[in-house]
1. Starting from the stretch 236-262, keep only residues that are closer than 11 Å to ARG297 by Cα, then list their pairs with residues that are outside any helix (DSSP H, G or I) and of a type in the set (S, T, N, Q) whose Cβ atoms are within a distance under 6 Å, requiring at least 6 positions of separation or different chains.
2. For a quick check of your reading of the model, give me the residue pairs whose first member lies in the stretch 140-158 and is within 21 Å of ILE23 (Cα to Cα) and in contact (Cβ under 8 Å) with a residue 40 or more places away in the chain, whose second is small (Gly, Ala, Ser) and open to solvent by 30 Å² or more (accessible area, probe 1.4 Å), with beta-carbon atoms closer than 7 Å and at least 6 apart or on different chains.
3. Within the stretch 213-258, which residues are in a strand (DSSP E or B) and open to solvent by 20 Å² or more (accessible area, probe 1.4 Å)?
4. Take GLY392 and decide whether it is crowded, with 23+ Cβ neighbours inside 10 Å, under 19 Å from the mean Cα position of the chain (by Cα), within 16 Å of the ligand (Cβ to nearest atom) and under 20 Å from LEU95 (Cβ atoms).
5. Can GLY43 be described as crowded, with 23+ Cβ neighbours inside 10 Å and either closer than 22 Å to GLY404 by Cα or within 16 Å of the ligand (Cβ to nearest atom) (or both)?
6. Being assigned to a loop (DSSP other than H, G, I, E, B), closer than 15 Å to ASN74 by Cβ and more than 14 Å from the ligand (Cβ to nearest atom) is the requirement here; does TRP170 meet it?
7. I'd like to check which strands (runs of 3 or more DSSP E) are fully inside the stretch 60-166 and have at least 1 residues that are among the β-branched types (Val, Ile, Thr) and within 15 Å of the ligand (Cβ to nearest atom).
8. Say whether the condition of being within 16 Å of the ligand (Cβ to nearest atom), modelled with pLDDT under 95 and assigned to a loop (DSSP other than H, G, I, E, B) is met by at least one residue in the stretch 201-210.
Amino acid sequence: MQVSEQTNTPSGLGLAEDEAVRITSELIRIDTTNTGDADTVVGERAAAEYVAEQLSEVGYEVTYVESGAPGRANVIARLPGADPSRGALLVHGHLDVVPADASEWSVHPFSGAVQDGYVWGRGAVDMKDMLGMSIAVARHFKRNQIVPPRDIVFAFFADEEAGSWYGSQWLVEHRPELFEGVTEAISEVGGFSVTFKDGVRAYLVETAEKGIAWMTLRVRGRAGHGSMLHEDNAVSKLAAAVTRLGQHRFPIVLTDSVREFLAGVSEMTGWDFPEDDLEGSVAKLGAISRIVGATLRDTANPTMLQAGYKANVIPSVAEATVDCRILPGRQEAFERELDDILGPDVEREWRGLPPVETTFDGALVDAMTSSIAAEDPTARTLPYMLSGGTDGKALSRLGIRCFGFAPLRLPADLDFSALFHGVDERVPVDGLKFGVRVLDRFLRSS
Ligand SMILES: [Zn+2]
């Protein structure tokens, strides 16, 4: 049975809006800190059990999977659609969050406090907000026997904040049948509004992500006494290489998603983004320029150094870690540049995930645009590239087209991108309710 009339009665969408706020807050209260060190990760199991309970309570059959290690918990549930011959749509999110230091916050980061029009706490925008909205809509559909046009798979993953090795990457490798028939997916870091100037508002849909390469640099020298003349010092050689790399500027390369984004902003605002002053002109975008600026070129930021064990001992090995983010299509050119910058004496080791990119077109994108327009008629949707990474990297290995679409209408002056992994992370209550209405319409029409 298709229920098309939505009302603000307790069984209608109003209930789902309230539930999104409640569930987001309750999920924040479950501390799911992912330090990156598997021994100290907490809470993913408790959060997964909570999600499973919210879904099974209204009649979902839930699959619970621990991915590669005890407690690394994931939850998957499927809602059958009207046309089983169509590919399924995956709505996914991650359960874990990055650490938070309570002494820096105005409220306790795991309080889930609902005050001053916001839900506060670690995970409020990354990404327990989207979990709350999608669980609320999933419950709404089940309660009202709403049949979506095609199967919807809801998935909640562990370990996104440390590379997804114990979450989506593991599931894609070991349990691909859970994603059978899935052709497209939506998740975090997209769908939020950005106000460029008075009343000129766009919702950014993530269509691309830079690749991640965490690189270890290693220089070997000759060990010796710190008091003597020494020509082969691993520490100073490594330091020089790290300095050269840290100061290097990779060339600007405009990818399709960035080009399309800037063209869209130009149309909306009249602002110019001339090729000879791209970086200067991108700064006009305000807070979002931190992300957009990082998608104009590859970056390589040195983040860790390790060498030596005593003041008067010259060590034989020195190591550095560099966080490299590489544009789609740039891997080979990037490595060639590294050869020149680092020279032959610096060993390299990589751990990383490839970039992803899809096009901003087709029926799914049309459904995003029209469901946003129904709630915010004067706004536009624009594609953009994320400088970071998401579970989309793992899922795209299955040929799934991945988008960032976690709809939120945000106040014009809120520095949204600073809230990711930031202090006083919080999400507007109104934004969550807006997101529920958009997601409801989107999932009924895609
Ligand atoms: Zn995230």
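The values are calculated or read from the model by the stated rules, or taken from the named source; none is laboratory data. Computed from a predicted model, the values in this text were never measured in an experiment. Positions of Cβ are backbone-derived with ideal geometry, glycine not excepted, and every protein chain shown enters the neighbour counts. To get the accessible areas, we keep the full protein, side chains included, count just its heavy atoms, and leave off ligands, DNA and RNA. Shrake-Rupley method; radii C 1.70, N 1.55, O 1.52, S 1.80 Å.
1. VAL258/THR295
2. Pairs found: LYS142/GLY59; ARG143/SER11; ASN144/SER11.
3. TRP214, THR216, ARG218, ARG220, GLY224, HIS225
4. For GLY392, the condition - crowded, with 23+ Cβ neighbours inside 10 Å, under 19 Å from the mean Cα position of the chain (by Cα), within 16 Å of the ligand (Cβ to nearest atom) and under 20 Å from LEU95 (Cβ atoms) - is met.
5. no
6. No.
7. Hits in the stretch 60-166: 88-94.
8. no
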